[in-house]
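The numbers here are math on the coordinates, done by the rules we state, and not lab data. Given the structure is predicted, the values throughout are model-derived calculations rather than measurements. Every residue, glycine as well, gets a Cβ built from its backbone with ideal geometry; the counts of neighbours run over all protein chains shown.
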């Protein structure tokens, strides 16, 4: 792993005042710009060692899948607004807490059916907050989405439903699911609140169908629930043959420019594109839309003809970058491949050169891969994704050469190697180098911080007849099989491991990096977290796969959970060195909320776990604060 | 009862208690509670305790004593390694101490007819 010392002198960038004044945490990524920067001053590398766990709260909304309920995946970022901490839960409840004590102020139950309609687990990534600026009931609101596509609006002070919103406080978003509606919408990610507009994407079923609901972005009036506009991302003529390209993750907005930046996912079916060989320019893109009208202003497609399920996984982060004496309003879009695309957020023009490079071509029947794909020359990619890790000697040894044999047997010709009947290794895997956690940026100096996973996966396209024979006509995600129904191929997808379950590829399995956005230079990249298998921890140099993202503070500290080892950590932002950690019940797979309440700085993690990392799940929220003198 | 084994017994009982705590987490999350690894560490520490008790009560000499002590040492070694990678450092320390305490007892046993 390349390590570069933090430069002594940094070019100071023009920080947006609003970003640098971040004391609250009013949305999934903290602010509309998704910088994940907290203006808290007291939390420094020298002080965080004294952090104390000041309270712990159990939502009670947790299931490990062993009983009647599906397992829960709780990736919520707590929202701090209105002097209150709001949690959304995977049982689709809202809980309002006193930030200082963790005492419950109120709770609201959506009474949503706890059924895994589109996902294998009950999932929630939190709530959204809006206020009108006026006094009175429901002038401050909390919004919660559900698995069955209801959007609930409740009063932020009392938890009572807001009767003037849609149908008595509940909006049925599935009413707009009327094309290729093979599955219902699910509202797992809270809407983005941009002024008085709620911007809403939805989640569907991955890997199941060829023809699926076409992705779109819905704009909803925050007060009435009225649909303001609806913009789709699949060309009309292709809708009978494909679908999705939806927005399942968080979004970003620039109210000054009047733009929302939508990370658009891949089209269906995810791993075979023979029925969608025509261009779908808005799929796997970051797309800017006019908040007022829904008109598409610009779009940047970072993968063409995506057959790797490399959805754009996270909200882009806004930052201003100096160029030739001018300050350029920019955004940074992290991708599942670990690339960072830095674009002028007014136009979508790249701010660093992007090369078109020849990529491996598919020999699968019906598939037509594109000859080139875009590769950013700068900034440095996260986790060295262009180099497939070597076979891990330890894993190879204990499996008597299984890993080496498979490396020879499976197809890998570099990034963008297509899925194949032979079996393809792909790196980074489908969960990505980065995912919904995205990146954090210190707007004062333009330094970007990001965790990245380094997971190699194996995928095989299975001809339909063989697939149905293996899966008795059906098939599900649990064992790695997924049908891609009505396409010629089902898939088998799994991590590349030996018979003992030990990864076949060389560590590190996860890294943490800092990048100077003015130059694109990698400042450091260090192993992050500890992998854990059957309770046994790996060595620190091995790092850990991660889900969730970092927060950087004005005091020079990065807070992050995300790792397999169920630790929440503080890192010295200058070096990536761990300066504090605490053991929690499961991996904290979201983003911590870092805010100032009544003059004191708090760090709050929602600890939910995710079976992608390990089986443990939890309903724990924990808050940390420096000791009072 | 062969009292010379009391230190080993004490360490192995402490190890078994720490193994129980690691596996069941009665005082809170240990980071490994309920895992296969913690189960193996618990099994190892309990095995050492049982072997030491057997040796103390039965007081075997010669080959039996040597074999049982060697088994207990082997279990202590593996459990210490396991506990280290489970980040249960007190358990690892107890098992490492038990390993070293058992060495002279095994050597001592070889001198009996």
Estimated D of segment A:358-429 in µm² per second, where Rh is the Kirkwood radius over Cα pairs and Stokes-Einstein applies at 20 °C, 1.002 mPa s
153
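Could you state, as a whole-number percent, how many of the C-alpha pairs of segment A:222-265 are farther apart than 12 Å?
Tail of P(r) above 12 Å: 72 percent of Cα pairs.
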At q = 0.12, 0.18, 0.25, 0.27 Å⁻¹, the log10 of I(q)/I(0) for segment A:212-297 from a Debye sum over equal Cα scatterers comes to -0.37, -0.76, -1.23, -1.35
Roughly how many whole Å is it from the C-alpha centroid of segment A:562-581 to that of segment B:48-93?
36
Segment A:476-551 shape via C-alpha gyration tensor axes, a/c threshold 1.5
oblate
Output the relative contact order of segment A:167-273, whole-number percent, from Cα pairs under 8 angstrom with separation of 6+ residues.
25
Which whole-number value in Å³ per residue fits the convex hull of the alpha carbons of the protein assembly as shown?
172
Return the whole-Å distance between the Cα centroid of segment A:497-528 and the Cα centroid of segment A:264-331.
24
Contact order normalised by residue count of chain A, Cα under 8 Å, 6+ apart, percent:
16
Kirkwood Rh, segment A:320-368, all Cα pairs: how many Å?
13.3
Computed from every Cα-Cα pair in segment A:409-519, P(r) in 10 Å bins starting at 0 and rounded to whole percents is 13, 33, 29, 16, 8, 1
If R0 = 60 Å, then residue A:519 and residue A:113, at their Cβ-Cβ distance, give a FRET efficiency to the nearest 0.05 of 0.70
Backbone N within segment A:322-354 under 13 Å of label point (7 Å from residue A:377 Cα along the Cβ vector):
A:351-354
As a check on your grasp of the helix formula, calculate [θ] at 222 nm for chain A: sum -39500 (n - 2.57) over DSSP H runs of n ≥ 4, divide by the residue count, round to the nearest 500.
-1000 deg cm²/dmol
Please work out the Kirkwood hydrodynamic radius for segment A:103-259, using every pair of different C-alpha atoms, and report it in angstroms with one decimal place.
16.2
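How would you rank A:495-508, A:254-267, highest first, on the average number of other Cβ atoms within 10 Å across their residues?
Working: A:495-508: 18.9, A:254-267: 23.1.
Ranking, from highest mean packing down: A:254-267, A:495-508.
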Using a Förster distance of 51 Å, how high is the FRET efficiency between residue A:499 and residue A:158, based on the Cβ-Cβ distance and rounded to 0.05?
0.35
Pseudo-spin-label distance residue B:50 to residue A:230, built 7 Å along Cα→Cβ, given in nm, is 6.7
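Above 25 Å lies some portion of the pair distances; for segment B:3-110, what is it as a whole percent of all C-alpha pairs?
19
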Can you give the extra length, in nm with one decimal, that the chain gains between residue A:324 and residue A:629 once fully stretched, where that is 0.36 nm per residue apart less the Cα-Cα distance?
105.0 nm
Mean separation of Cα pairs under 8 Å and 6+ residues apart, divided by the residue count of segment A:244-341: what relative contact order is that in percent?
25
With each pseudo-label sitting 7 Å past Cα toward Cβ, what's the residue A:131-residue A:412 distance in nm, one decimal?
5.2
Hey, any idea what the orientation-averaged projected area of the convex hull of segment A:141-232's Cα atoms comes to, in nm²?
5.7
Kirkwood hydrodynamic radius for segment A:314-435: how many Å is it when counted over pairs of different Cα atoms?
16.8
Suppose R0 equals 35 Å. What FRET efficiency, 1/(1 + (r/R0)^6) with r the Cβ-Cβ distance, do residue A:574 and residue A:101 give to the nearest 0.05?
0.55
